[in-house]
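Below: the structure, in structure tokens.
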Amino acid sequence: SNQDETGAYLIDRDPTYFGPILNYLRHGKLIINKELAEEGVLEEAEFYNIASLVRLVKERIRDNENRTSQGPVKHVYRVLQCQEEELTQMVSTMSDGWKFEQVL
């Protein structure tokens, strides 16, 4: 038994990955520093059998994998030139999803 004379148990786990576990138990938010591997936090969450945290970490890992497989986000910039009287019609004919950076 890993129990001492006071009844405390020794849990020999990596304290680096226990920080996010402890913070999750404190306030219900998953916060993982950039230098920590999410897989290590997942391993600890599974060891401590915290099902809600296991789901959260797996979702984050899956989201990160999807983001990296899609490649970097590309931005397309267009310069439109028109007279003041034509502006309303030109904007109304544009497809949805365009964002204006600057109108002169």
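The values are calculated or read from the model by the stated rules, or taken from the named source; none is laboratory data. Nothing here was measured: the structure is a model prediction, and the numbers come from that model. Note: ideal-geometry Cβ built from the backbone for every residue, glycine included; neighbour counts use all protein chains shown. Ligands, DNA and RNA are excluded from the accessible area calculation, which covers all protein heavy atoms including side chains. Shrake-Rupley method; radii C 1.70, N 1.55, O 1.52, S 1.80 Å.
Loop-located trypsin sites (Lys or Arg not before Pro) in the stretch 1-48 (DSSP state other than H, G, I, E, B) with a sparse environment of at most 16 neighbouring Cβ atoms within 10 Å: Arg13, Lys29, Lys34. Taking the 1.4 Å solvent-accessible surface of the chain as the whole, the part contributed by carbon and sulfur is 49%.
Report summary: the helix-based calculation at 222 nm, which adds -39500 (n - 2.57) for every DSSP H run with n ≥ 4 and divides by the residues of the chain, gives -14500 deg cm²/dmol.
Positive contributions from Lys and Arg (+1) and negative ones from Asp and Glu (-1), summed over other residues with Cβ under 13 Å from the Cβ of Met90, come out at -2.
Gain on full extension, evaluated as 0.36 nm per residue between Val103 and Glu85 minus their Cα-Cα distance, stands at 5.1 nm. Residues in the chain average 88 Å² of solvent-accessible surface per residue, probe 1.4 Å, ligands and nucleic acids excluded.
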